[in-house]
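Questions regarding the structure given below will be posed in turn.
Derivation of every value follows stated rules applied to the coordinates shown; laboratory data play no part. All values derive from a computational prediction rather than experimental measurement. Counting neighbours? That spans all protein chains shown, and the Cβs are built from the backbone with ideal geometry, glycine included.
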Amino acid sequence: MKKPARNLTLFLLLAPAFLWLGLLIVLPHVEILILSLSERVAPRVYAFGFGNYLEFFTEPLYWRTFARTAGISILVTVLTLVLAFPIALYIARVAQGRLKAILLLLCLLPFWVSELVRTLGWMMILRETGVISYVLLATGLTEQRVEFLYNDGAVILGLVYGGLLFMIVPLANALESLEPAVVEAGYDLGGSRWTVLRRIVIPHAMPGIVAGSIIVFMLTVGNFATPVLLGGKNGLWFTEQIYAQFITRFNWPQGAAFGMLLLLLSSATVWLGLRLTGQNLGTTLRQA
Amino acid sequence: MNRPTLAWKLYVGAFYAFLFAPLLIVAIFAFNASQFPSPPWQGFTLEWFIGTGVVFGKPGVLVDPIWLDSIANSFKVAIPVALLAVIIGTVNAWVLERAEFRGKTVLAMMMILPLVIPGVVLGISILAFFSRLANGLEDWLQTDLDFLRPGLPLVVLGQLSFILTIATLIIAARLRKFDRSLEEAAFDLGASRARVLRTITLPFLSPALVGAGLVALLMSFENFNTTLMLVGSEAPLPIAMYGQMREGASPAINAVSLMLMLAMGGTASLFALTSKQR
């Protein structure tokens, strides 16, 4: 092909990608950055300034909700890791052939179902008129109905449940490549079950642990439906503040500032996680 | 390590029970003859699927316009999203695997980026940008551009912003495995570029194209975070469910959930089948 023709082909091939990334990713984010830096100085009059960010730091509800979201998300990530690890280890190292495939498939199934359906299930189990409360009353363990919904425990439960798959898959992938001989050697050298786990298995699973934790944290921080529905008024999740500013109060500059802060929290965590373990984004996401 | 303790086995069993408990509860209570989606069990009924509302005062899913409209809206979004994701994803995969140009690694990096942006942030940024665009263009053209305002077209764009990444990755992975000597052979035998593409390359890619389309369909149907920010008066299914769940719904929501589970399970198995043919 002649050079101009080749350039034209390349241009045509690149056009959709540029339209996609330009119109749907880059420019919209430039827009909320600009929006977040515009302060309202009079009704319908806006000027450049950091007022929206200042408002975040001076209004306790805002920064507390932010800190709470980050804190609970870290807790959820750790809990998910601890709960998922024995399962991933079982799938990767113990289960063989058919059983292995079935166990992995059973893990995947609930996550093809909408988040709303899963949350509905937990609401039906936990609420005052729900399954647990009914069973407790029917068996005489309690005198009256008990409300398990609308508290932090319910929110954490729902978020951990939602994160499990994204932890199990990368963990199982990482553990899959562990040589049985290395584990045997650990035992032969007199290591206990615990020592082998701590000195051989966990270090080997590190790429999976990092990948899973990053993804679970990201999904948890950005979640909306689970904390709002399971936490009710006590949910207090930062995404809810963004929604409130944008849709309910129509204060877009404030909402944009909150959005930038959430984006910052999420990407800082991803970056830190990758930095600490010297991995790159592409391979990490591909593991999931 | 290969001999699991009893405690470990019990834990694995309990874990899977935990995993399926909420889904089973949702499914079972779709058939409960009660006005509320909660125990006790009042007997078996199909009212919440096909009932006209005579028995419980509220109609079943397949008769209730709220649910039928939201399912239709979900299709109005999911089908364009899936088609566009496959077409644009194929071009992108071509760029990643075949083209050589400066800045390719940066572009490849950019294509992955949408996956690490929270869905809510994608939603508000697209909402804000397209509102500004609409304001500017409307002043200039002196016409109404409603498709740039919150509504189903904007939901399509919002979902595409990250579903395109997934579609691109699925198709690029398949293209990487393609043996280019097959194309060379076809060229040597005198085939034109278009013919090689139509008879050799695209047939090879087709499992990935179908797979990417199905995944796009699933993700579009389930997306909540981005959709919530961009939705207008016509609510797709997850948004309608959210509204009903906040108000305290009838067991019709269980019925719609069960239908969704079955449809999703079917589509997911279809995807598993197509991705196995390697």
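Could you list, in sequence order, the residues of the range B:228-252 that are under 20 Å from the mean Cα position of the chain (by Cα) and part of a helix (DSSP H, G or I)? It would help to see each step written out before you state the result.
As a first pass, look at the range B:228-252 and keep what is under 20 Å from the mean Cα position of the chain (by Cα): B:228-232, B:234-243.
Within the range B:228-252, B:Leu228, B:Met229, B:Leu230, B:Leu237, B:Pro238, B:Ile239, B:Ala240, B:Met241, B:Tyr242, B:Gly243 qualify.
Quick check: is even one residue across the range A:261-275 more than 9 Å from chain B (Cβ to nearest Cβ) and either assigned to a loop (DSSP other than H, G, I, E, B) or under 14 Å from B:Gly123 (Cβ atoms) (or both)?
no
Please list, ordered by residue number, the helices (runs of 4 or more DSSP H) wholly in the range A:1-98 having 3 or more residues that are at the interface with chain B (Cβ under 10 Å from one of its Cβ atoms). Give the steps one after another, and end with the answer.
Details: elements: A:3-19, A:27-36, A:51-58, A:60-89.
Once the helices (runs of 4 or more DSSP H) in the range A:1-98 are filtered for at least 3 residues that are at the interface with chain B (Cβ under 10 Å from one of its Cβ atoms), what remains is A:3-19, A:27-36, A:60-89.
Provide a single number: the residues in the range B:37-71 that are within 18 Å of B:Ala240 (Cα to Cα) and touching a residue at least 60 places away in the same chain (Cβ under 8 Å). Even if it seems obvious, please write down each step before you answer.
Step one: list which residues in the range B:37-71 are within 18 Å of B:Ala240 (Cα to Cα), which gives B:37, B:48-49, B:58-71.
After this cut, where a residue has to be touching a residue at least 60 places away in the same chain (Cβ under 8 Å) as well, the list is B:37, B:48-49, B:58-61, B:64, B:66-67, B:69-71.
Result for the range B:37-71: 13.
Follow-up. Please find, within the range B:1-17, the residue that is surrounded by the most Cβ atoms within 10 Å (Cβ to Cβ) out of those that are within 18 Å of A:Ile125 (Cα to Cα) and at the interface with another protein chain (Cβ under 8 Å from one of its Cβ atoms). If you could, list the steps in order and put the result at the bottom.
Of all residues in the range B:1-17, those within 18 Å of A:Ile125 (Cα to Cα) come to B:14-17.
Filter again for at the interface with another protein chain (Cβ under 8 Å from one of its Cβ atoms), leaving B:15-16.
Details: B:Phe15: 20, B:Tyr16: 15.
Among residues in the range B:1-17 that are within 18 Å of A:Ile125 (Cα to Cα) and at the interface with another protein chain (Cβ under 8 Å from one of its Cβ atoms), the one surrounded by the most Cβ atoms within 10 Å (Cβ to Cβ) is B:Phe15.
Taking the criterion of being closer than 30 Å to A:Phe246 by Cβ, assigned to a helix (DSSP H, G or I) and within 10 Å of chain A (Cβ to nearest Cβ), would at least one residue in the range B:190-199 satisfy it?
The first filter runs over the range B:190-199 and keeps only residues closer than 30 Å to A:Phe246 by Cβ, leaving none.
Looking through the range B:190-199, none of the residues is closer than 30 Å to A:Phe246 by Cβ, assigned to a helix (DSSP H, G or I) and within 10 Å of chain A (Cβ to nearest Cβ).
Same structure again: In the range A:99-152, what residues are more than 10 Å from chain B (Cβ to nearest Cβ), of a type outside the set (A, V, I, L, M) and either free of Cβ contacts under 8 Å to residues at least 12 places away in the same chain or part of a helix (DSSP H, G or I) (or both)?
Scanning the range A:99-152 gives A:Lys100, A:Thr139, A:Gly140, A:Thr142, A:Glu143, A:Gln144, A:Asp152.
Answer yes or no as to whether B:Phe162 is under 17 Å from B:Met229 (Cα atoms), of a type outside the set (Ser, Thr, Tyr), over 23 Å from the mean Cα position of the chain (by Cα) and surrounded by 15 or more Cβ atoms within 10 Å (Cβ to Cβ).
no
So, B:Ala185, is that one assigned to a helix (DSSP H, G or I), touching a helix residue (DSSP H, G or I) at 6+ places or on another chain (Cβ under 9 Å), among the hydrophobic types (A, V, I, L, M, F, W, C) and under 29 Å from B:Asn225 (Cβ atoms) or not? Step through it out loud before you land on a result.
Values: assigned to a helix (DSSP H, G or I): yes; touching a helix residue (DSSP H, G or I) at 6+ places or on another chain (Cβ under 9 Å): yes; among the hydrophobic types (A, V, I, L, M, F, W, C): yes; under 29 Å from B:Asn225 (Cβ atoms): no.
The answer is no for B:Ala185.
For A:Ala172, indicate whether it is part of a helix (DSSP H, G or I) and over 25 Å from A:Val78 (Cβ atoms). Before you say what the answer is, go through the steps one by one.
Working: part of a helix (DSSP H, G or I): yes; over 25 Å from A:Val78 (Cβ atoms): no.
Judged against the criteria, A:Ala172 is not a match.
Here's the yes/no breakdown for (1) in a helix (DSSP H, G or I); (2) crowded, with 21+ Cβ neighbours inside 10 Å; (3) charged (D, E, K, R); (4) away from chain A (no Cβ under 13 Å):
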{"residue": "B:Phe49", "(1), (2), (3), (4)": "yes, no, no, yes"}
{"residue": "B:Val61", "(1), (2), (3), (4)": "no, yes, no, yes"}
{"residue": "B:Ile112", "(1), (2), (3), (4)": "yes, no, no, no"}
{"residue": "B:Leu115", "(1), (2), (3), (4)": "yes, no, no, no"}
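Still on this model: Filter the range B:82-110 for residues that are in contact (Cβ under 8 Å) with a residue 24 or more places away in the chain and facing chain A (nearest Cβ under 8 Å); which is surrounded by the most Cβ atoms within 10 Å (Cβ to Cβ)?
Within the range B:82-110, the first condition is being in contact (Cβ under 8 Å) with a residue 24 or more places away in the chain, and the residues that meet it are B:82-86, B:88-90, B:92-94, B:96-98.
Now narrow it down to the ones that are facing chain A (nearest Cβ under 8 Å): B:88, B:92, B:94.
Working: B:Ile88: 20, B:Asn92: 27, B:Trp94: 19.
So, considering only residues that are in contact (Cβ under 8 Å) with a residue 24 or more places away in the chain and facing chain A (nearest Cβ under 8 Å), the one surrounded by the most Cβ atoms within 10 Å (Cβ to Cβ) is B:Asn92.
Also: Working only within the range B:21-47, note down all residues that are in a helix (DSSP H, G or I), among the aromatic types (Phe, Trp, Tyr) and either more than 9 Å from chain A (Cβ to nearest Cβ) or in contact with a Leu (Cβ under 8 Å, 6 or more places away or on another chain) (or both).
As a first pass, look at the range B:21-47 and keep what is in a helix (DSSP H, G or I): B:21-31, B:47.
When the remaining residues are screened for being among the aromatic types (Phe, Trp, Tyr), the result is B:29, B:31.
Matches in the range B:21-47: B:Phe31 only.
Does A:Phe56 count as crowded, with 16+ Cβ neighbours inside 10 Å and over 30 Å from A:Val169 (Cα atoms)? Steps first, answer last, please.
Working: crowded, with 16+ Cβ neighbours inside 10 Å: yes; over 30 Å from A:Val169 (Cα atoms): yes.
Yes, satisfied.
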